[in-house]
Amino acid sequence: DYIIRDYTGNNDNDNRVLLQGGKRVPQLVSTRDQALEYAKLPKQTKKFDVGRYDEDRKGMYTSSLFLEEGIGDETNRRTVHVGLDIGAPVGTSVYAFEDGIVHSAGYNPELGDYGHVIVIEHAIRQKQQQRKGKNQNEKTTSKVVYALYGHLGAKGIQGKLPGQKIKKGQVIGFVGNTAENGGWTGAHLHFQLAVNPPKTHDMPGAVTLKQREEALLEYLDPRYVVGELY
């Protein structure tokens, strides 16, 4: 079982994380010291939840990292989420959805970033029916996508090198805590699909409203491979 979250700002409880004792804290901390502090505090629930793709999350992305090109104008803030968030307890295993090859792995240190992250090149196999006269044949084609698995713990990505082969169902990492996942109090996996290879272990997990239409062509709906979670 899991909960579908609403991060649009219509439900303030979803924009905050409930700690044991009833204290609610923001999803994103504002300092590195807070990240270290909250990493030690137990959460109220160990339930799984899902944060939606193509969701305009006003009020969540508060760090300067989400201001496009550093411009201090709120209309240039990147608020449209172009990945899928899977909330899970710290230490939960993360699996590769298909065979692949490590594109890149590393650590994105800024608050609000991915923390420890891995990008894997996957080839998605598709079966197509072809008809020639009265005969119908089945042809298998493949489409290459680049999957980013973000907000991981440090231990899981150790030894992950470009070119390394990954098998479907292989554990590729673990959900990280606040001190290692980019400062997010709600431990979760950010999963994102890209059509084109990124330059490094990074993709914009959120875009501005002006960038939305073009971004949705580059960053595919993750439900294409994980199924209809909502």
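The values are calculated or read from the model by the stated rules, or taken from the named source; none is laboratory data. For clarity, every value in this text was computed on a predicted model and none was experimentally measured. Accessible surface is based on the protein model in full, side chains and every heavy atom, while ligands, DNA and RNA are left aside. Shrake-Rupley method; radii C 1.70, N 1.55, O 1.52, S 1.80 Å.
Descriptive notes on the structure:
- Across the chain, Cα pairs under 8 Å and at least six residues apart give a relative contact order of 24 percent.
- Rounded percent of accessible protein surface that carbon and sulfur make up, the chain, 1.4 Å probe: 49
- Karplus 3J(HN,Hα) series, Hz, for the stretch 98-110 with 6.51 cos²θ - 1.76 cosθ + 1.60 (x for Gly, Pro): 7, 4, x, 10, 4, 7, 6, 8, x, 10, 9, x, 5
- A Gaussian network model of the chain, with springs between Cα atoms under 10 Å, assigns the largest mean-square fluctuation among K127, K160, K58 to K127.
- Among G153, G83, G169, the largest mean-square fluctuation in a Gaussian network model of the chain (Cα springs under 10 Å) belongs to G169.
- In the chain, the calculated helix contribution to ellipticity at 222 nm averages -2000 deg cm²/dmol per residue, counting -39,500 (n - 2.57) for every DSSP H run with n ≥ 4.
- Taking the DSSP beta bridges with both ends in the chain, the antiparallel portion is around 95 percent.
- Using a Gaussian network model of the chain in which every pair of alpha carbons under 10 angstrom is joined by a spring, one finds that among T185, T92, T200 the greatest mean-square fluctuation is at T200.
- Too-long pairs where the Cα-Cα distance tops 23 Å, listed order kept, from K160/K199; K127/K160; K143/K165: K127/K160
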